[in-house]
1. Scan segment A:2-26 for residues that are surrounded by fewer than 12 Cβ atoms within 10 Å (Cβ to Cβ) and either facing chain B (nearest Cβ under 7 Å) or basic (Lys, Arg) (or both) and jot them down.
2. Could you check how many residues of segment B:147-161 are in contact with a helix residue (DSSP H, G or I) (Cβ under 8 Å, 6 or more places away or on another chain) and not in a helix (DSSP H, G or I)?
3. Quick one: in segment B:122-146, of everything that is within 14 Å of another protein chain (Cβ to nearest Cβ) and in a helix (DSSP H, G or I), which residue is surrounded by the most Cβ atoms within 10 Å (Cβ to Cβ)?
4. Pick from segment B:98-120 the residues that are in contact with a helix residue (DSSP H, G or I) (Cβ under 8 Å, 6 or more places away or on another chain) and within 9 Å of another protein chain (Cβ to nearest Cβ): which of them is surrounded by the fewest Cβ atoms within 10 Å (Cβ to Cβ)?
5. Using beta carbons and a limit of 9 Å, which pairs, at least six apart or on different chains, have the first residue in segment A:195-209 and over 30 Å from residue A:222 (Cα atoms) and the second one outside any strand (DSSP E or B)?
6. Sort out which residues of segment B:147-161 are acidic (Asp, Glu) and either within 11 Å of another protein chain (Cβ to nearest Cβ) or touching a Pro at 6+ places or on another chain (Cβ under 7 Å) (or both), and write them in order of number.
7. So is residue B:6 away from chain A (no Cβ under 14 Å), surrounded by 14 or more Cβ atoms within 10 Å (Cβ to Cβ) and at pLDDT below 90 or not?
8. Can you tell me which residue within segment B:9-29, out of those that are among the small types (Gly, Ala, Ser) and more than 7 Å from chain A (Cβ to nearest Cβ), is surrounded by the most Cβ atoms within 10 Å (Cβ to Cβ)?
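The values are calculated or read from the model by the stated rules, or taken from the named source; none is laboratory data. None of the values given here were measured: they were computed from a predicted structure. In this analysis, Cβ positions are derived from the backbone assuming ideal geometry, glycine residues included, and neighbour counts consider all displayed protein chains.
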Amino acid sequence: MFINEYREAYDKVLPEENSIEHIFEHMQEEQKKVSAVRMLRPVLMCTLMFSLGVFFVTPVMAKNIPAVYSVLEEHAPSLLDYILPEEHVSTKAGITMQVEAVSIVENNAEMVVSFRDEDGFDYINGPVDMYDSYNLACYGGDSNVGGCYFLTYDSEADKAYFKLSLTSLEGEFGGTCEFRVSQLLTEKSVTQQDIDVSNILYAPKLKAIYASGGSGVKREVTNKQFGEEGIFDPRPAYRVMDLGTPSENLIENLKVTGIGYSDGVLSVQFCRGNFSEADRHVDIRLLDGEGNDRIPDGSVGWQEEVAGEPLLFEEQYFLVEEEELEQCKLYGIFYITEGCINGGWKVTFRMSGEVQ
Amino acid sequence: MHRESFCADDEKSTIKKYSNMVYRLAYSLLKTRCDADDIHQEVFIKYLSRRPVFENEQHAKAWFIRVTVNMCKNFWKSAWRQRVIALEDFRDEATQEAKASELIETVKLLPQKYRVVIHLFYYEEMNVEEIAQILGLKSSNVRTQLTRARRKLKEMLKEDI
């Protein structure tokens, strides 16, 4: 019978005698490996956690704690380059910001940055402005002071240049500086115009406002009222000229809205329009009878909503005796930048050097 | 130091119990002892790694058969398996193969799908329904394969099956 022959034949087919022992030995070896891995696992986990901590926490600490930055700068400059790399070029919103030069002489540093259009964009055609949308921060050096101003527009290279000045109060530079610009204002125009003083309001009606800023001479409100909900508003309050309800024509304008005089103070009020998409500001100057070109003795800025849009108002003050008033002339330097490009450009550069 | 045994006694006895069955099935499918050795080892390593809980003996037997068949099917799919047998090994293997009965050599000439059903039917004494369940086939397919395998063997062996 086939079945008997088949079974008889296959009964002789057997695995090697020690094959099962081989399997057990193999499994024992595997178990040793697994045990070793299990023993090493806590060490590996700790190492991994430590590495991740160093990888993620160190850059943050170096960025925010000058002491950490200094330690890294002294002992691991290459690591510093890695976690806070220099970035001299930043391209966003069709515009490239680039560090053109960095010069450090003693405790003064000057940097030149440029803005240029990327292919297919046409924003930079003349003077541009970043007004107060820039920020210059230095890691590892809290004692640096500086500023930024427009340098020139190179029509041939089609680039606008800005100069950053930085002074170290501690005498030596160190660390990395980061220069951020959130908005660039183009289509900038600067004009100087005389301001008509023939319609001065004497002893104008005043109103109280909450100010967004102010300096020097101003009419303070000492008996501030609590709000409707009984909560005291911490914003500073001042009195400014009440010139009635603002016109909607002011939304996209930079315009002197009124001039008043009372108690030895000449007030010039102007509206800067909606500030969200354009920058308009004016520097008021007073030429007195002796030919002095005077800057304001004080100013107050505030916001008012007109037709649902936020408008910026400002009043600038000159201390003038009444008998001198007739001999005074006013003029303003009007700055208007209509194009506003939101970019968020950021460049970084290493600072190094010591006072000679 | 006492170390927990990787293999409990009941697992050892299970391995011993199904060792021959797995080896014979692997041999019937792969035709050489060398390959059967590999599959034999892999099946039990898999068993010890996964440690499946069997409801009864039938369940255990079905699990080992199913795993063995699957491993044999995948055996030649892996490129690294296409190894070259050293000459000495080949001689040893050839000598052993010569000892195998002529009947087994004849059955080896059948296609693999027929060898599976022949082995499970005649050696493991499983019925068609059980074979169909383990191999995931319809009973009618198993019956057909068994009939065709028998017909081929009849032609080759010149005797009734």
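1. Across segment A:2-26, the qualifying residue is only A:12.
2. 3
3. Of everything passing the filter in segment B:122-146, B:122 is surrounded by the most Cβ atoms within 10 Å (Cβ to Cβ).
4. Top of the filtered list is B:101.
5. A:197/A:325; A:197/A:328
6. First pass over segment B:147-161, keeping only residues acidic (Asp, Glu): B:155, B:159-160.
Scanning segment B:147-161 gives B:159, B:160.
7. Values: away from chain A (no Cβ under 14 Å): no; surrounded by 14 or more Cβ atoms within 10 Å (Cβ to Cβ): yes; at pLDDT below 90: yes.
For residue B:6, the condition - away from chain A (no Cβ under 14 Å), surrounded by 14 or more Cβ atoms within 10 Å (Cβ to Cβ) and at pLDDT below 90 - is not met.
8. B:26
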